[in-house]
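These notes are about the structure you will find just below.
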Amino acid sequence: MRQSKISRQIVTFMLLLFQLLFFMPSGYAEGKTLTKETKLHPQGWTVGDQLKFKKDSVVMTNELGEVISGTLADDTFLRPLGWQLVLNDYHYVSTYAAVDPFSHHYQHFVVGKEFNTAVPSHGHLQYKGGTQVTFNEYGEVISGTIGEDVTVQLVKEKYGFLNFKEDNILVFYDSGVVRSGVLEEDTNLRPVGWRKNYVGEDSAGFVKFSAKKKIEFNEYGEVMSGTLKEPLKWKSPDGVSVEFSANTIIHFDEQGAVAEKSVA
């Protein structure tokens, strides 16, 4: 049993290390396993608040001992890298008094009556306890599992919003736009290469992608990979018209599209 636990810790450590090498602005990182729930400082924070990280989890720290990546002990509101593009910038709290949403002051206390009140989140999202978050050098969350559904503007200065499903990882590019997430609902989006590879006539290059499935974008809000809701006619990298069936994971680039091979 102990050997199995050690093996799981090694696997977790390797996954953390891979993610850090992919996202980190600098090459330094040190990992350690926490023997108890521990309050630590995330990197990039200018005020000395601390977060509680889970017992028996691995945290990666920088040369100052600040956390780059770790597993949260509790549900926690944190500001993501793309906070300026978050639309539903509030959360609900249950209280026995109404709350002024601008001052957070409690008013109209009524014995035995419970209120469900919207409170501004100021660009913060709720991240789930027991899941991993990764911070950039400015203290914003690059990657983490959201605890509530989130609505995000897809591209800066262009109209269009996406709903991402709770209990799934939401990842941002350094520019602040969404890199990947899980769609809450079926959504029409344009894939990479849509101008020259789309074979249809009346959909202006939009393709319907399935809800509850992971989707990945480039920094222009074009789909690089996603699951089709409906059959799709598109050009292959060879320039040949191909029809992909519904419920197929498709990878798009400027040369064309290919279906993801199933793994036996």
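Please compute the length gained on full extension between Glu157 and Lys39, using 0.36 nm multiplied by the number of residues separating them and subtracting their Cα-Cα distance. Mind showing how you got there, number by number?
On the way: separation 118, 0.36 × 118 = 42.48 nm, distance 3.83 nm.
Between Glu157 and Lys39, full extension yields an extra 38.6 nm.
Only lysines eight or more places from Lys233 in sequence, or on another chain, were considered; those with a Cα closer than 22 Å are Lys196, Lys208, Lys213, Lys214, Lys261.
Under 20 Å Cα to Cα from Lys158, which aspartates and glutamates show up? Leave out anything in the same chain fewer than 8 places away. Lys158 reaches Asp89, Asp174, Glu216, Glu219, Glu222. Annotation: amide H-H contacts under 5 Å for Val207 (H modelled 1.01 Å from N, sequence separation of 5 or more, or interchain): Leu189, Arg190.
Were the residues from Gln50 through Glu185 laid out at 0.36 nm apart, the gain over their Cα-Cα distance would be 45.1 nm. In this structure the amide hydrogen of Arg179, modeled in the peptide plane, comes within under 5 Å of the amide hydrogens of Val171, Phe172, Tyr173, none closer than 5 places in sequence on its chain. A simple rule links phi to the HN-Hα coupling: the Karplus curve 6.51 cos²θ - 1.76 cosθ + 1.60 with θ = phi - 60°, which for the stretch 68-76 gives 8, 8, x, 9, 5, 7, 9, 4, 9 Hz, with x for Gly and Pro.
The numbers here are math on the coordinates, done by the rules we state, and not lab data. Just so it is clear, the model here is predicted, and its values are computed rather than measured.
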